[in-house]
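Have a look at the structure below, then the notes.
The values are calculated or read from the model by the stated rules, or taken from the named source; none is laboratory data. Every value quoted in this text rests on a predicted model; they were computed, and no experiment measured them. Counting neighbours? That spans all protein chains shown, and the Cβs are built from the backbone with ideal geometry, glycine included. Only protein heavy atoms, including side chains, enter the accessible area calculation; ligands, DNA and RNA are left aside. Shrake-Rupley method; radii C 1.70, N 1.55, O 1.52, S 1.80 Å.
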Amino acid sequence: MSLLEVRNLHVRFDTADGEVHAVRNLSFELDRGETLGVVGESGSGKSQTVLSLIGLLADNGRASGSAMFDGQDLFNLSPGALRSIRGRRISMIFQDPMTSLNPYLTVAEQMVQVVREHDRMTRRAARDRCLEMLEAVKIPDAAERLDCYPHELSGGMRQRVMIAASLLLDPQILVADEPTTALDVTVQAQILELMKDLNRRLGTAIILITHDLGVIAGLCERVIVMHDGELKEQGNVRDVFYRPRHSYTKALLKAVPRLDAEQVERLAPAADSSLLSVDGLKVHFPVRTGGWLGEKRPLRAVDGVNLDLRSGETLGIVGESGCGKSTLARAILRLVPTTAGNVCLLGQSMGDLDKRALREMRRDAQVIFQDPLASLNPRMTVGNIVSEPLRTHFPELGADEVRTRVADVLRRVGLSGRELNRYPHEFSGGQCQRIGIARALVLKPKVIICDEPVSALDVSIQAQIVNLLMDLQAEFGLALIFIAHDLAVVRHISHRIMVMYLGRIMEVASRKALYETPHHPYTRALISAVPIPDPDKERDRDRELLPGDLPSPVDPPSGCRFRTRCRFAQDRCRTEAPQLRQLTDSLVACHRAGEAVLV
Amino acid sequence: MIASAQAVQGQEEVAGRSLWVDAWRTLRKNRAATVSGIVIGIMAVLVVVGPWFSPYSYDFTDWSNLSIGPSLETGHLFGTDTLGRDLFVRTLYGGRISLMVGLSATLVSLLIGISYGAVAGYFGGRLDNLMMRIVDILYAMPFMFFVILLMVFFGRNLFLIFVALGAIIWLDMARIVRGQTLSLKHREFVEAARAQGVGTFAVIRRHIVPNLLGVVAVYVTLTIPQVILMESFLSFLGLGVQEPMTSWGALVKDGSDEMQSSPWLLLFPAVFLAMTLFCFNFLGDGMRDALDPKDR
Amino acid sequence: MLRYATRRFLGALPTLFILIALAFFLIRVAPGGPFDSEKALLPEVEANLRAAYNLDEPLHQQFARYVWGLAQADFGPSFQYRDYTVTELIMTGFPVSLRLGGMAITLALLVGVTAGSLAALRQNTRTDYAVMSASMTGISIPNFVMAPLLILIFAVYLGWLPAGGLGDGSPRNMVLPVIALALPQIAYISRLTRGSMIEVLRSNFIRTARAQGLPMHKIVLRHALKPALLPVVSYLGPATAAVITGSVVIEQIFGVPGLGRFFVQGALNRDYTLVMGVVVFYGVLIIAFNLLVDLAYAWLDPKVKYS
Ligand code: SF4
């Protein structure tokens, strides 16, 4: 008999706009010790499904159907009985470890009370149990961490604490709702490895909810695919990935950018002179450490970056949070003041320009931001938003001319051109991003800098936007700088790729060279951390797991920035910062790149 | 190009819903706020127009009716005070003063607060530090005491009252506007506008100010009752307007002196004052729900 | 923590100085003088008096003298109560005001926090609506309106409680003044508590605690109460200021012999030193209290503690 058997589950919400049917007629089961993946895009009802099982739906939500857990129907239990199951037999971890722990209590305080709520034991014994669990999730110096507040821990560490707290009472089911979405790729790899290990060692069944097919492929035995509140397909992970039956699953699998896809070299157009070049760019922000009388120290967001870009080319920039990629984008556009270095657009140094000339230059370099809705002024109509650049640079244009051009560009990015009088909040995320692209495009710029343009969007929408950008590039000969943390997306669109870590360039190479023969230890770790949506490949890979978290950019390591997490580090790496040097097809900043150990 | 222009004109354009329209709808659904708004409207009309229709003026002494209770026969709807003056007219006159002081002091605070806050927030850095430090220091002052001193020493003067009150109350406005500007400045749509080469002034006018207006509107609604309260506090201490002119605070003071013999003298102005404050607070609350971007 | 406290204390000094200077010059610049009321004073006598009080010195010298005195807790002599120093006068009035204000704040905290939390836990029920309407009423009725109404009802009509004064010193005398002073604060604090409690209850870490199977009352007490109280703690600064200002009228209405009457009378009589004394005294009190509130906040919020 299965451990959990859900039959005909419906979840409904009463909202001001009427009833929302979030989950429809869902049935599935879970065996002891099994790992079940629930995959779907936002709004598919995947989170509401599990929240309903443990009685944590929002106040306006109702669940119906049955959920047999160990001979009891979870929907028929008294609140008290359900509560004794929660935490003790079914426990849950959430997406954002930052906010899911109470910031006002120490780790020990929050964990001990869970133990003592369900088991009679002394505070001492409970504390020992917590310590044991923290060690089981491989937290270094666990005894000291017990008395820390959450804000003193890094993101990955917090998620480990969450996992430890949820496993305290040896539950039969661990529900993980997007447990790694808020984490960096290298940290995500650590957490996934940990969950796999715990499942094997403790025999805890895991329900993993995620939008990331790669994560499922690596961890789960069975998969449920959900869309619009309905189950589209369920089955063994290999069946679903290799022989998908439902058209939605097929479409989803096709839309995911894959790191292991066919390597067709994207040829950059014939190299004429460079369009944009950046030389020794540094951006330091003064930050105060401790109160308003505290000491001021520079946060070295970007610390000596060179790059050049030819017209029609796409340069991808990847790196984890805090590597300075977004600051670099803003510094190139002169949206933040630079500390040192120079940016040249079309042979003109932007540093020398006066205000008026800088304005002129802005016509040629545009930007697209990450959050589609936030990048559109909520109090302006779409027509006004898209026409603002035109009206700024060509005030002489007549109203009809402006309207025509705006409607044309809206149609070009896949909208109807009739949206002129509507406001941003009336559109979906994907549509908003198209409006943002239209605004960037309306001046016919030479370069567009895209700062994480798709990371806030669902997979299928991501693919549309990326393809749109590639089409536009072909049509207008645009040069793109495409910044993202998702290596697979970057690989899909770029000709050349630059890897950044703590404000410095680690490696630059053509996309083929970068993915086939990565030279820098960080690049290699990064590539190996990205999950591949292919169960067999994903399980056979040998991973280079990086230890620890990113150091603070206020206090970066001396010498090579990467040395604290590099397993090849030597004495020389501490004292001497490696310079970029040519190695076969790549530029690499590592003392040991090219040595035999690294290949 | 011509063909597509015609195509655009031929197509029907969908009318959009701006955030203001949305907010207006939310506000209208809030019954307490709607009723409050209407009551405030009626009150405003009443205090402006009402006295014209009354047979008595605010300083006329009806010798035959000293200290009488409310009655229809004598025409003194709210009764008269110890000097035989009609309380109905006096209450409406008091309302004129109170509302006027409330509005004008709020206006003063609005002008100072918005410019101060927007400048500090938008330019930031050392200027912001300095400007906010000044606000912090002023915050710690026992201002009501200073206002009282001002009134005592420089005489009771309506103009002085609202300048003094406006000068205190702008602090809150400046803080709020600054905070909002600061967060708007880093929003991506502002960066996008700057990246397109839109000039500083245009960025402030088109992107910052329209997004500030919601918060400011809410805050204005909540500032008016605060000012009315302060003015009536001063009047109660005998430091507000001068006899025979009056305001709600002064009427409450007079009423409380006579409350044992003629309780209506306390009750009518007290109810008018409390009701006005009540309605402004409710309306402000409703507007906050409708306009505050945090709740979206 | 100690470093933080010292830093905040040093930060308050300029504020204090500005307060003193502002009060001093505002009063001196104003027309009229302390001896105006005693008409027909011979010029020589007045000159002597002025000299006795050092009023003939240049202004900056007087200011320096005054600040120097203050540094030694000496507020100077009163002009009006010739036999007393201002310090003595303040010390007679302050204990009474302190008792009144302290009781009002305590009452406001107890009732406000309880009512606000209740309303938040029973959001959108009748309890919630009742608490919220009561608090809206409390905010909208100024305490100088509330006070006479309370007297009218409880002292005049019902005769349950005395209409004020210290009378025989029995605590019954304090009931009405304390309530009148506390009511608006109760209203503010309950609204504040309700708002922050609702927000905290919606946060992710509360969801975690529920997923861990903790019962609701423990979640509220252990997880939610502390963060929900932080805004209330920071409101305590402004609340004290409001209670102090409010006590000026409340003392007048109920005839409580506190500090408030010195202030009003002093101002009317141009008793420079007395008015200065009260303003500075209250100012220091407010600044000190704000400092305490900041420290309490830092102590409660682990994120501030180490900065
Ligand atoms: S320079 Fe040294 S520490 Fe840095 S990546 Fe290379 S081997 Fe590792």
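Going from most exposed to least, what order do A:H246, A:H492 have by accessible area with a 1.4 Å probe? Kindly include the intermediate steps, with their values, before the conclusion.
Numbers: A:H246 60, A:H492 80 Å².
Sorted by accessible area, descending: A:H492, A:H246.
Out of all DSSP beta bridges in the range A:274-494, what portion is antiparallel? Express it as a percent rounded to 5. Each step should come with its number before you reach the end.
On the way: 20 of 34 bridges.
Restricted to the range A:274-494, the bridges split so that about 60 percent are antiparallel.
Distance between the modelled labels on B:I42 and A:L335, one decimal in nanometres: 5.2 nm (7 Å Cα→Cβ projection). Once you reduce the range A:198-223 and the range A:452-497 to the center of their Cα atoms, the two points are 29 Å from each other.
Each distinct pair of alpha carbons in the range B:211-282 adds a 1/r term; the inverse of their mean, the Kirkwood radius, is 13.1 Å.
Determine the shape class of the range A:322-471: with a ≥ b ≥ c the square roots of the Cα gyration tensor eigenvalues, call it rounded for a/c under 1.5, and otherwise prolate if a/b is greater than b/c, oblate otherwise.
On the way: a/c = 2.02, a/b = 1.24, b/c = 1.64.
Here the range A:322-471 falls in the oblate category.
To the nearest 10 degrees, how steeply does helix A:123-136 sit against the main Cα axis of chain A, on a 0 to 90 scale? Once rounded, the angle reads 50 degrees. Counting only the Cα atoms, the protein assembly as shown fills a convex hull of 231 Å³ per residue.
Note on chain C: GNM, Cα springs under 10 Å; of C:D83, C:D294, C:D128, the largest mean-square fluctuation is that of C:D83. Percent of C-alpha pairs per 5 Å bin in the range A:334-379, short distances first: 5, 16, 25, 19, 16, 12, 7, 1. One compactness figure for the range A:4-254 is 1.01, namely its Cα radius of gyration divided by 2.2 N^0.38 Å.
Please report, to one decimal in angstroms, the Kirkwood hydrodynamic radius of chain A built from all distinct Cα-Cα pairs. Walk me through the numbers before you get to the answer.
On the way: mean 1/r = 0.0380 Å⁻¹.
After inverting the mean inverse Cα-Cα distance, the result is 26.3 Å.
Principal-axis analysis of the Cα atoms of chain A puts helix A:459-476 at an angle of about 10° to the longest axis. Placing +1 on the Cβ of each Lys and Arg and -1 on the Cβ of each Asp and Glu in the range A:60-146, which of A:P79, A:M133, A:M68 has its Cα farthest towards the positive end of the resulting dipole? Value computed over the given set: A:P79.
Could you work out, residue by residue across A:402-415, how many beta carbons of other chains sit within 10 Å of that residue's beta carbon, and then give the average as an integer? Could you put the intermediate results ahead of the total?
Working: counts 0, 4, 8, 3, 1, 7, 5, 0, 1, 3, 0, 0, 0, 0.
Partner-chain Cβ atoms within 10 Å, mean over residues of A:402-415: 2.
Just C:V131, C:V156, C:V175 to compare: in a GNM of chain C, with alpha carbon springs under 10 Å, which one fluctuates most? Greatest mean-square fluctuation among the candidates belongs to C:V156. Peptide A:56-66 has a mean of 1 when you count, residue by residue, the C-beta atoms of other protein chains within 10 Å of its C-beta. Note on B:D59/B:Q260: beta-carbon distance plugged into 1/(1 + (r/R0)^6) with R0 of 25 Å gives a FRET efficiency of 0.50. Listed by number, the DSSP H helices of chain C that run 24 Å or longer by alpha-carbon position along their axis and have mean Kyte hydropathy of at least -0.5 are C:2-29, C:86-121, C:172-201, C:225-254, C:272-300.
Determine which residues of the range A:554-569 fall in the zone a paramagnetic label at C:K303 would reach in this model, i.e. backbone nitrogen under 20 Å from the point 7 Å along Cα→Cβ. Hits in the range A:554-569 for C:K303 at 20 Å: A:554.
Report the semi-axes of the equivalent ellipsoid for the range A:519-599 in whole Å, largest first, where each axis is √(5λ) for an eigenvalue λ of the Cα gyration tensor.
Values: eigenvalues 122, 56, 23 Å².
Each semi-axis is √(5λ); the values are 25, 17, 11 Å.
Pairwise over distinct Cα atoms, reciprocal of the mean inverse distance: report the Kirkwood radius of the range A:103-206 in Å, one decimal place. This gives a value of 14.0 Å.
Only bridges whose two residues both fall in chain A count here: according to DSSP, what percent of them are antiparallel, nearest 5? Before the final figure, lay out each step's value.
Details: 56 of 93 bridges.
Restricted to chain A, the bridges split so that about 60 percent are antiparallel.
Hey, what angle do you get for helix B:209-236 against the long axis of chain B, alpha-carbon based, 0 to 90 degrees rounded to 10? Rounded to the nearest ten degrees, it is 20.
Note on A:E135 and A:E152: the extension gain reaches 4.3 nm, defined as 0.36 nm multiplied by sequence separation minus the Cα-Cα distance.
Taking a ≥ b ≥ c as the square roots of the eigenvalues of the Cα gyration tensor of chain C, is the shape rounded (a/c under 1.5), prolate (a/b larger than b/c) or oblate? Oblate, because a/c is 1.5 or more while a/b does not exceed b/c.
Here the gap between A:F568 and A:F285, fully extended at 0.36 nm per residue and compared with their Cα-Cα distance, gives a gain of 98.8 nm.
Here each label is just a point 7 Å from Cα along the line to Cβ, and for A:S349 and A:R297 those points are 3.3 nm apart. For the residues C:G112, C:G159, C:G246, a GNM of chain C with alpha-carbon springs under 10 Å puts the largest fluctuation on C:G159. Cross-link pairs exceeding 32 Å between alpha carbons, from the set A:K196/A:K250; A:K325/A:K446; A:K46/A:K254; A:K325/A:K355: none present. Approximating the spin labels as points 7 Å out from Cα along Cα→Cβ, the A:R7-to-A:D31 distance works out to 2.1 nm. Rounded to the nearest 5, the antiparallel percentage of DSSP beta bridges internal to the protein assembly as shown is 60%.
State whether the range A:481-565 is rounded, prolate or oblate according to the following rule on the C-alpha gyration tensor (a ≥ b ≥ c being the square roots of its eigenvalues): a/c under 1.5 gives rounded; otherwise a/b larger than b/c gives prolate, and the remaining case gives oblate. Before the final figure, lay out each step's value.
Values: a/c = 2.00, a/b = 1.31, b/c = 1.53.
Verdict is oblate for the range A:481-565.
Dimensions of the range C:92-260 based on its C-alpha atoms, expressed as ranges along the principal axes with the largest first, amount to 58, 33, 25 Å.
What length, rounded to one decimal in nm, is gained on full extension from A:V554 through to A:H425, with 0.36 nm per residue of separation minus their alpha-carbon distance? Please list the in-between numbers first.
Details: separation 129, 0.36 × 129 = 46.44 nm, distance 3.73 nm.
Full extension of this stretch gives 42.7 nm more.
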